[in-house]
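The structure appears below as structure tokens.
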Amino acid sequence: MSQPSRRPGREAIKEQKKARKKAQRELRQRQQAEGLSPRPSPTLSNGKSPYQTVEEERAARVDATDQQLKVYRAMLPVLLKRLSKIPDLRQPRKVRHKLTVLMMYGILCFAFQMTSRREANRKMTLPQFEANLRLLFPDLEQLPHNDTLARVLSRIDVAEIEHAHLDMLGHLMANKKFKRFLIASCYPIAIDGSQKFARAELWDEECLQRKVRSKKAGDQEPSQEPGPPPAQQYYVNVLESCLAFQNGRVIPLLSEVLSFNQGDSEREKQDCEQRAFQRLAQRLKKRFSHLPIMVLLDGLYANGPVMELCRQNNWDFMIVLKDDSLPKVWEEINGLKVLQSENRWHHKWGNRRQQFQWIKDIDYDYADPLTGRKKTLKLHAVLCEERWEEIAPGRIEVVVKTARHAWLSDQPFHRHNVHERCNLGARHRWGIEAGFLVEKHQGYQYEHCFSYDWQAMRGYHYLMRLAHALNVLARYSYALAKHIRHHGVRGVIAFVRDTLAGCWFSDQELVRIANEPCQIRLE
């Protein structure tokens, strides 16, 4: 005889959903009564189009395009001034497009999120799209072929594109556009590495290499015959840096592409993130020599040479301290916690109850990698234990979640700065991870190489990061906020791109937009 089914029926499922919503509502009310305020997660509108007539839609499209392009046009004078200084190695008699036109075209390709060179050729040269772009950007006399851009990038010094990027952000810093978002009066800069793409063949001598085993071979039982030997894989890694402000304002900064030839040939070691960090830090210090900087790093950089370099550059730092790293430092922390038991503070942040404990004056000994001499650094640590309540998935019971964080810093902590340095600064190091997610999967084609010439590949990467920075500035501008709330970030870019490709403008409106004064106001 068959057993009766234990699967809940339709009515039971409805009752469970009602009970779950009721439990969630009661939990929110109790948290608010206790002074906890869960941070809302923004979501796209689920309603129908707010435009009732074609005229309303046209007005919205014109306004969104106007506000988006104002940010581009506000930054273009600074960018073009710097890009015009790039030496052009082409034969003057054969030049059809000025170098600044090619650079502007490359930036717009990524700003409008073209997925490949072929798509840019196909879509951006549509007659209506090209006519609108020429009226908005008079320097674009004629759109070039993307292969022309690739050939030019393979011959010029593409590092100059990053210099233009830094000049643009330096211009905004000089105008105090980011003053309200500083952490401890410093610019928070997150640094982390990311893989760009990998191939089975060695397409350039600069590629890094590793051995990978196929999933089939890795999943075999020990009793089975051994699978094929590991295959060589050639890949490109990039060490990225971003301005990681609170509330998600993550603006791309410098990129350091790892190169096989930058490794240690004597010890047969290829390039790595630690070596790339030294080069990136040198470039960052050279460009922003007097800028107050707080470096946000993950546990990979919790070592003496990195912290010593930050101190030499007069940079503040917040570095993740993992449980299995720097055992001598953990011994100091566990010993000093008892002696400094008064260094505690309880805090409510969002829907979380936090307990901070900071430990001052930790002696960290390490050997200098070049000389082998012993050095000592004076560090400070902070531990954060937090808990919060949630409704268990698929149930109505309240469960308590916990988390634990630890950071190292060169500055001492106290109750007046621990929230700012940890919650508003160090925790937003994850913003750079969110930036990678956006660039890889939300329109910027981070993992697409665009060219198998190493120099051109780097040039396309720098143009992509520059375009992403422009779109971030537009996303957080006051004038575009209402369109972002309805369409979302990618939706607004597609909205503007489709508007430029259609017949929504009159020539007079385009000329007006092109001649209006531009000013960036960040919300």
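The values are calculated or read from the model by the stated rules, or taken from the named source; none is laboratory data. Just so it is clear, the structure is predicted and the values come from calculations on it, not from any experiment. Methodologically, a virtual Cβ is constructed for each residue, glycine included, from the backbone with ideal geometry; neighbour enumeration extends over all protein chains shown. In case anyone asks, the SASA skips ligands and DNA or RNA and just uses the protein heavy atoms, side chains included. Shrake-Rupley method; radii C 1.70, N 1.55, O 1.52, S 1.80 Å.
Numbers below:
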read-out	value
Condition met for Glu55 (out of contact with any Ser or Thr (no Cβ under 7 Å at 6 or more places or on another chain), more than 29 Å from Arg485 (Cβ to Cβ) and not in a loop (DSSP other than H, G, I, E, B))	no
Filter pass, Pro42 being modelled with pLDDT of 90 or more and not in a helix (DSSP H, G or I)	no
Top-ranked residue of the stretch 472-497 - restricted to ones that are touching a residue at least 60 places away in the same chain (Cβ under 8 Å) and charged (D, E, K, R), ranked as least open to solvent (accessible area, probe 1.4 Å)	Arg497
Scope the stretch 403-455; condition of a type in the set (A, V, I, L, M) and touching a strand residue (DSSP E or B) at 6+ places or on another chain (Cβ under 9 Å); matching residues	Ala403, Ala406, Leu408, Val418, Leu424, Ala426, Ile432, Ala434, Val438
Residue in the stretch 241-253 that is closer than 18 Å to Trp454 by Cα and at pLDDT 90 or above present	no
Residue list for the stretch 153-176, filter: closer than 29 Å to Leu500 by Cα and open to solvent by 10 Å² or more (accessible area, probe 1.4 Å)	Asp167, His171
Some residue of the stretch 320-327 being open to solvent by less than 30 Å² (accessible area, probe 1.4 Å) and farther than 20 Å from Arg429 by Cβ	no
Residue pairs meeting the criteria (Cβ under 7 Å; at least 6 apart or on separate chains; first farther than 12 Å from Glu389 by Cβ and at pLDDT 85 or above, in the stretch 26-38; second of a type in the set (Phe, Trp, Tyr) and outside any helix (DSSP H, G or I))	none
The stretch 226-245, subset assigned to a loop (DSSP other than H, G, I, E, B) and open to solvent by less than 50 Å² (accessible area, probe 1.4 Å), residue farthest from Cys422 (Cα to Cα)	Gly227
Given (1) surrounded by fewer than 19 Cβ atoms within 10 Å (Cβ to Cβ); (2) in contact (Cβ under 8 Å) with a residue 12 or more places away in the chain, number of the condition Ala59 does not satisfy	(2)
Residue match in the stretch 264-272 (condition: farther than 18 Å from Arg429 by Cα, crowded, with 16+ Cβ neighbours inside 10 Å and over 21 Å from the mean Cα position of the chain (by Cα))	yes
Any strands (runs of 3 or more DSSP E) falling wholly within the stretch 271-380 and containing at least 1 residues that are in contact (Cβ under 8 Å) with a residue 60 or more places away in the chain and within 14 Å of Leu408 (Cα to Cα)	293-297, 316-320, 352-367
Any hit, the stretch 274-285, residues being in contact with a Cys (Cβ under 8 Å, 6 or more places away or on another chain), under 19 Å from Gly435 (Cβ atoms), surrounded by 21 or more Cβ atoms within 10 Å (Cβ to Cβ) and not polar (S, T, N, Q)	no
Residues of the stretch 381-405 classified as free of Cβ contacts under 8 Å to residues at least 40 places away in the same chain and open to solvent by less than 20 Å² (accessible area, probe 1.4 Å), total	3
